[in-house]
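First comes the structure, then the notes that go with it.
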Amino acid sequence: MKEFSIPLKKDYPRPVIELYKLPTLIDTGSVIPVFSIFPSTIEKYFESKLILEDESIEGFGGKEKGSVYLIKNFEVGELKFKDFEVFVPREPHLKFPFLLSATLFFGMEYTFDTINGNFIVRMKDEQRFEREFKIKDIHGKLYPQIDGVLIQDVDSFLLDWIIF
């Protein structure tokens, strides 16, 4: 088993790490990663490309309109995403510039060690640190895809097939 850890920021009661010198929330309830920064900032600091426009995602915070960007070479600790697609809301308003979804760590074990202040990620020895994260638009809904494997929300999938 291989592992790496990233220090948790002590100033926050929620699991927050620092990436690219910015506070980054690890949101275990989220399916799609969100960059709540202006597209001009993404274009300036990351090698990026607009993929989808006028998309929407839904969550406990309500419905949000925005775009999907492809970012080349985004790193989370030792994880290196060569193709990393993220949702960018029209109006940045989150207090965290980066919100990382649980789906980024699909097939891995992760722990928040709040005693010692670490976010720990464990993976099988045969797993690679290089990954690809894409967002697919399927019938107007966004779904994550890790290394070519589509990850669907079970509730959404069942609702699509249930006949009332």
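The values are calculated or read from the model by the stated rules, or taken from the named source; none is laboratory data. As the structure is a prediction and not an experimental result, all values here were calculated from the model. Please note: Cβ atoms are built from the backbone with ideal geometry, for glycine as well, and neighbour counts cover all protein chains shown. Side chains are part of the model used for accessible areas, which takes the heavy atoms of the whole protein and leaves out ligands, DNA and RNA. Shrake-Rupley method; radii C 1.70, N 1.55, O 1.52, S 1.80 Å.
A few notes on this one:
- Summarising the amide proton neighbourhood of residue 98: residues at separation of 5 or more, or on other chains, whose placed amide H is nearer than 5 Å comprise 25, 36.
- The structure-derived value of Cα extents along the principal axes in Å appears in the list (1) 48, 37, 30; (2) 59, 37, 31; (3) 50, 48, 31 under the label (1).
- Cβ-based net charge around residue 9, under 14 Å, with every Lys or Arg adding one and every Asp or Glu removing one: +1
- Carbon plus sulfur fraction of accessible area for the chain, probe 1.4 Å, in percent: 53
- Estimated purely from DSSP H runs of n ≥ 4, each contributing -39500 (n - 2.57), the mean residue ellipticity at 222 nm for the chain is -2500 deg cm²/dmol once divided by its residues.
- Nearby aspartates and glutamates by direct alpha-carbon distance to residue 141 (threshold 17 angstrom, same-chain neighbours under 8 apart not counted): 53, 54, 55, 58, 64, 85, 153, 155, 160
- Residues with amide H under 5 Å from that of residue 136, placed H, sequence gap 5 or more: 143, 145
- Alpha-carbon centroids, the range 94-121 and the range 1-67: separation in whole Å: 11
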